[in-house]
1. Answer yes or no: is there a residue in the stretch 60-72 that is over 30 Å from residue 155 (Cα atoms) and either surrounded by fewer than 14 Cβ atoms within 10 Å (Cβ to Cβ) or without any contact (Cβ under 8 Å) to a residue 40 or more places away in the chain (or both).
2. So residue 126 passes all but one of these: (1) at pLDDT below 95; (2) over 22 Å from residue 214 (Cα atoms). Which condition number does it fail?
3. Return the residues of the stretch 287-298 that are within 20 Å of residue 150 (Cα to Cα) and not in a helix (DSSP H, G or I); say none if nothing qualifies.
4. Considering only residues that are within 15 Å of residue 18 (Cβ to Cβ) and surrounded by 18 or more Cβ atoms within 10 Å (Cβ to Cβ), look in the stretch 33-59 and name the one that is modelled with the lowest pLDDT.
5. Looking only at the stretch 307-316, how many residues end up being assigned to a loop (DSSP other than H, G, I, E, B) and either at pLDDT 90 or above or under 15 Å from residue 287 (Cβ atoms) (or both)?
6. Sort through 182, 262 and tell me the only one that's in a helix (DSSP H, G or I), without any contact (Cβ under 8 Å) to a residue 12 or more places away in the chain and over 20 Å from residue 287 (Cα atoms).
7. Among the residues of the stretch 76-93, are any assigned by TED's automatic domain parsing to the domain that holds residue 39, assigned to a helix (DSSP H, G or I) and in contact with a strand residue (DSSP E or B) (Cβ under 9 Å, 6 or more places away or on another chain)?
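The values are calculated or read from the model by the stated rules, or taken from the named source; none is laboratory data. Since the model is a prediction, treat every value here as computed from it, not as a measurement. Using ideal geometry, Cβ is built from the backbone for each residue, glycine included, and neighbour counts are taken over all protein chains shown.
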């Protein structure tokens, strides 16, 4: 049974426990001999480590994604914890408890899904209603949609994260439309809600998440945007006379929801619904990312540590 978790490790500790080897990279010392940089993780986070000696003898056959038993000591390096690895050995995945390594949403998954069903049940557009019936009657899809993460690291990166993110976006979409509909009548509410729920469905195939969250081969080669379009097409083919223009508009929302090409969208948003979806996605993902980052920090501090991707510290308030 795993006893040492990343979030409880501190400088000066000795470590002897099982971790997921999230990443390994060989590097060379000045004398030309190898040393190993590793990233080790569990459900509470990840930690960088370095192994200086006996690299070839001890790491042969061990690859990223393996479970490993690690022996070593915790020190500090450039203001962050670092594990000095003294021993590493592979562990069978059958002998580990997945719940030790897979972070899970704190919300009730079945309750979230019921709320999402209620939202799609309120859709008035007949062909969109039929589209969601095709998705919700697909037991395999529903099972994967309820458990998939929404990302590997950045936001909603835990079991149930995709459902949590999609529900939150559908709720936000409904509020945004109600706000603008007071003086602007050109927004297709049902289309926006459909886009909010379906924009990330490709992530159920983009990620592998049996024992840890990582990209699948399909995910690395195609991305969730391409996969999502394929999944949408699978259902559209089963609906007789689905309006071609509306199918294209819905696909455009999936294609453009990252906003710009440099963030992975083949096309930028070119409809009012697609623009709204992009910003709703941005708001929900950023808020979750920041909240998770704050929660992982020291509650006694006034500021968080530096967030490398967002390039800033976050103020948590004086205690």
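1. Yes - at least one qualifying residue is present in the stretch 60-72.
2. Residue 126 satisfies every listed condition except (1).
3. 296
4. 43
5. Residues of the stretch 307-316 that are assigned to a loop (DSSP other than H, G, I, E, B), as a first pass: 308-311, 313-314, 316.
Of the ones still in play, those that are also either at pLDDT 90 or above or under 15 Å from residue 287 (Cβ atoms) (or both) are 309-311, 313-314, 316.
Here the count works out to 6.
6. Going through 182, 262 in turn, the sole match is 262.
7. yes
Quick grid of which residues meet (1) under 16 Å from the mean Cα position of the chain (by Cα); (2) in a loop (DSSP other than H, G, I, E, B); (3) free of Cβ contacts under 8 Å to residues at least 40 places away in the same chain; (4) within 29 Å of residue 186 (Cβ to Cβ):
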| site | (1), (2), (3), (4) |
| --- | --- |
| 204 | yes, no, no, no |
| 229 | no, no, yes, yes |
| 234 | no, no, yes, no |
| 242 | no, yes, no, yes |
| 249 | no, no, no, yes |
| 275 | no, no, yes, yes |
| 285 | yes, no, no, yes |
| 300 | no, yes, yes, no |
